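The values are calculated or read from the model by the stated rules, or taken from the named source; none is laboratory data. Keep in mind that what you see is a predicted model, and the values were worked out from it rather than measured. All Cβ positions, glycine included, derive from the backbone under ideal geometry; neighbour counts span all protein chains shown.
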Amino acid sequence: MKQNKRRTATVVYIFIFMLTVSGCVRKGKEQDKVYQETGMFEWSEEAVCEPEEALYLAKELGITKWYQETNGMTEVEATGKFVKALHNRKIEVYALLGAVEWGYEEDGATLLAHLEKIVQYNVQSSEKEKFDGVMLDIEPYISDSWKENPEEYMDRYISCMKKGYKFAQKNHLRTAICIPRHYDNQGLTSGLEELIKETCDEVAVMNYSCGNEIEAIRTEAALSEKYGKELHCILEFQEVGKHGLTENKTYRNKGIDNAKETWEKLQKEYKNINVTRDYHWSRPVREMLEEKNAD
């Protein structure tokens with residue numbers, strides 16, 4: 001009887017040991033794994049009526065995040081179906097919104113009004129139809145007023161974004177901010193640090209520096225790591241000549257594979273943070289895929 005008990009106890013100990021070792025190995029693998037996030041900007045509100053187009057791009061490019069323009073809050077039912085379709089494929093959906101003039105309002109009034117629309121949409125939607133967050137593309141730096149007094153307008157912009165972020169946090173909306181790569185080049189590094197530290201969860205940098213992307217976002221990468229923010233590197237794919245784009249600002253003629261190599265180099269350089277790879281935007285990328293498949 002005692003021998004049977006000892007044998008049973010031995011088996012139990014071995015079983016527990018195997019579970020423990022297995023759990024440790026599994027946990028270690030999970031910790032070592034770098035999860036690659038890939039995002040897509042969508043500037044057509046009508047795209048919510050064709051979720052199959054988004055799913056096609058998601059399949060071709062491994063998209064895990066979709067930034068859907070919603071400034072006018074496209075028809076609610078169509079939006080819900082679109083968001084649900086992407087969620088069913090494990091793709092996060094962010095409401096993409098913003099305008100140049102919003103950044104001039106220290107009280108953030110216009111930004112807050114648009115965020116309220118997203119919140120109200122989420123409140124009346126099922127869990128799978130809710131937006132996961134917002135991608136705020138507010139670009140006050142392109143105005144003449146900014147160029148005349150960048151410090152003053154940076155302060156206004158930061159004030160606006162702080163109010164927006166506080167509201168988004170209160171309403172459980174993850175916040176990504178889309179910024180240019182050159183605030184530090186304008187002598188606005190302290191403002192950039194405040195922006196990253198206090199106005200967002202994710203920093204999406206528009207990186208128009210083909211061949212020099214690593215150096216171009218070194219400041220933003222360091223600040224993202226310092227404050228535990230997710231870093232995005234947005235690459236451009238619109239055609240040369242569009243909005244003044246030159247060969248050294250877009251990957252339109254260089255190709256998607258070249259862009260992927262750039263993202264790989266960025267990730268190796270900034271190995272302490274995961275770099276989300278963002279395509280700008282769906283239309284030119286879709287055209288490039290069609291051209292490639294036609295060859």
**Prompt:** Here are some conditions: (1) more than 14 Å from the chain's Cα centre (by Cα); (2) under 26 Å from LEU112 (Cβ atoms); (3) crowded, with 21+ Cβ neighbours inside 10 Å. ILE217 meets all but one. Which one does it not meet?
**Reply:** (2)
**Prompt:** Out of the range 158-190, which residues are among the small types (Gly, Ala, Ser), in contact (Cβ under 8 Å) with a residue 40 or more places away in the chain and farther than 14 Å from LEU97 by Cα?
**Reply:** SER159
**Prompt:** Pick from the range 231-281 the residues that are in contact with a helix residue (DSSP H, G or I) (Cβ under 6 Å, 6 or more places away or on another chain) and of a type in the set (Ser, Thr, Tyr): which of them is farthest from MET206 (Cα to Cα)?
**Reply:** TYR270
**Message:** Would you confirm whether or not the range 276-288 contains a residue that is surrounded by fewer than 13 Cβ atoms within 10 Å (Cβ to Cβ) and outside any strand (DSSP E or B)?
**Reply:** no
**Complete:** Picked from the range 68-118 (must be of a type in the set (Ser, Thr, Tyr) and surrounded by 20 or more Cβ atoms within 10 Å (Cβ to Cβ)), the residue nearest to GLU202 (Cα to Cα) is TYR94
**Message:** Consider the range 185-220. How many of its residues are assigned to a helix (DSSP H, G or I) and among the hydrophobic types (A, V, I, L, M, F, W, C)?
**Reply:** 5
**Request:** Determine which single condition MET135 fails, assuming it passes every other condition in (1) surrounded by fewer than 21 Cβ atoms within 10 Å (Cβ to Cβ); (2) modelled with pLDDT of 95 or more; (3) not small (Gly, Ala, Ser).
**Result:** (1)
**Neighbours by Cβ (under 9 Å, 6+ apart or cross-chain): first from the range 279-295, farther than 21 Å from GLU50 by Cα; second assigned to a loop (DSSP other than H, G, I, E, B)** = LYS292/GLY255
**Complete:** If you go through HIS172, HIS182, the only one that is assigned to a loop (DSSP other than H, G, I, E, B) and either surrounded by 15 or more Cβ atoms within 10 Å (Cβ to Cβ) or of a type in the set (D, E, K, R) (or both) is HIS182
**Request:** Go through the range 138-169 and give me each residue that's of a type in the set (Val, Ile, Thr) and surrounded by 15 or more Cβ atoms within 10 Å (Cβ to Cβ).
**Result:** ILE138, ILE158
**Message:** With assigned to a helix (DSSP H, G or I) and at negative phi as the only criterion, which of LYS163, LYS254 stands out?
**Reply:** LYS163
**Fill in**
For the range 241-273, the count of residues that are surrounded by 17 or more Cβ atoms within 10 Å (Cβ to Cβ) and free of Cβ contacts under 8 Å to residues at least 12 places away in the same chain equals 0
**Options LYS84, LYS65; residue that is modelled with pLDDT of 95 or more and more than 30 Å from ASP257 (Cβ to Cβ)** = LYS84
**Item:** Of the criteria (1) at negative phi; (2) in a helix (DSSP H, G or I), which one HIS243 fails
**Value:** (1)
